[in-house]
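Quick notes on the structure that follows.
The values are calculated or read from the model by the stated rules, or taken from the named source; none is laboratory data. Worth saying up front: this structure is predicted, and the values here are computed from it rather than measured. Please note: Cβ atoms are built from the backbone with ideal geometry, for glycine as well, and neighbour counts cover all protein chains shown. Remember, those area values only see protein heavy atoms, side chains included, never the ligands or the DNA or RNA. Shrake-Rupley method; radii C 1.70, N 1.55, O 1.52, S 1.80 Å.
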Amino acid sequence: MNSIQKFDFVENRSLSKIITDSFRFAWLNLKSLSVSLFYICFIPILIYGLTSYLYFNDYFSSTLSLNNTEGYENLNFQNFILEIQNSGLIRSFSYLSLTYIGALLLSMFISIVSFSYIKLYQNVSEITPSSVWKTSKKYFLKILFYNFLLILTIIIGNLICLIPLMLWKLGIIVTILLYIIFTFLIFYLYIKILFSPLFIILEDKGVWDSIKNSFNFTKNIFWETFLFCLIFGIITSMISSLFEIPGTILISISSILGIINDNDPSDNATVLSSLLIGLGGAFGFLMYSLKYIGTCFFYYSTKEKRQGYNTYKELDKIGVYEAEV
């Protein structure tokens, strides 16, 4: 068991205070939280690491050997599809798609574990990986359904944007315009439903109720929420990318040596660097737990500003004390 130091979430905080307190919370709970994340997210980490390795290994192998490929100046439309197949673009796209699926799966697990940990944190004095798992597994189906709805929305939106392209020759102009509109709609939707997983886990709401609550919660704080997402997105991305540095350095050195010696980088160097980048990215993904911690601080801070939850709680305590006296 890991004894944890209590941290009051329900407090009116500025954005800078939310950032600093998120780091403080993560530091104070580093061992307990990181062990819980690794324990529960181990299989998604391996899945994302493997798919990422396959993609980067294929990418580096293809990119770094371009010097030995012939140009495409004599390419004609008749054998265009054949050239695409031979170039490995279909294989690369397949690996990229698998990597994207692995990232979604890992991100889903990290969000569930992070919110479940904070839920336990506010209600118990000690937290173990098994207790986090026991809480987390209650919400997997709900979060899975929530993510399915998001993916379905994106797929339907893309299909709608592509319809003009299939109907007439100048449909490409309409398709581009639709994609611009769709991008703004996705941006708006992302901000409005940001707190849905939080409502599902911390407030024990259903999926549809959580989406509606998130829409209502972000009313009048849309740009404030966007600023929070932007800052935490930059911070977590920078920290996460640090885990990929060893693999990036290795492939860079191998490429430079290949250019100097006028040959291709060795297969061993490509495989090792791809493996380091893949696994590094997978473990770096765990740093996005900071974003979910920050989301909780932002939620409770906004709730305190609007409702004065702590104030009411203190008044209730006073009322109980006077009644006892």
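Points to keep in mind about this one:
- For Ser22, the conditions (1) within 26 Å of Ile101 (Cβ to Cβ); (2) open to solvent by less than 10 Å² (accessible area, probe 1.4 Å); (3) modelled with pLDDT of 90 or more all hold with the exception of (1).
- Output for segment 205-225, where each listed residue is in a loop (DSSP other than H, G, I, E, B), closer than 22 Å to Lys305 by Cα and out of contact with any Phe, Trp or Tyr (no Cβ under 8 Å at 6 or more places or on another chain): Lys219, Asn220, Ile221
- Residue in segment 33-45 that is at pLDDT below 80, of a type in the set (Val, Ile, Thr), open to solvent by 40 Å² or more (accessible area, probe 1.4 Å) and at negative phi present: no
- Checking Ile293, Ile277 one by one, the residue that is open to solvent by less than 40 Å² (accessible area, probe 1.4 Å), farther than 22 Å from Pro246 by Cα, part of a helix (DSSP H, G or I) and of a type in the set (A, V, I, L, M) is Ile293 and no other.
- Residues in segment 240-257 that are β-branched (Val, Ile, Thr) and surrounded by 14 or more Cβ atoms within 10 Å (Cβ to Cβ) were compared, and the one that is modelled with the highest pLDDT is Thr248.
- Candidate set: segment 192-221, residues that are of a type in the set (A, V, I, L, M) and surrounded by 18 or more Cβ atoms within 10 Å (Cβ to Cβ); chosen: the one nearest to the chain's Cα centre (by Cα): Leu194
- Restricting segment 100-157 to residues that are part of a helix (DSSP H, G or I) and among the charged types (D, E, K, R), the residue that is surrounded by the most Cβ atoms within 10 Å (Cβ to Cβ) is Lys119.
- On inspection, Asn68 passes the criterion of being modelled with pLDDT under 85, out of contact with any helix residue (DSSP H, G or I) (no Cβ under 9 Å at 6 or more places or on another chain) and either crowded, with 20+ Cβ neighbours inside 10 Å or not acidic (Asp, Glu) (or both).
- Odd one out for Leu185, checked against (1) within 20 Å of Phe297 (Cβ to Cβ); (2) open to solvent by 90 Å² or more (accessible area, probe 1.4 Å); (3) not small (Gly, Ala, Ser): (1)
- Scope segment 162-203; condition assigned to a helix (DSSP H, G or I) and among the aromatic types (Phe, Trp, Tyr); matching residues: Tyr179, Phe182, Phe184, Phe187, Tyr188, Tyr190, Phe199
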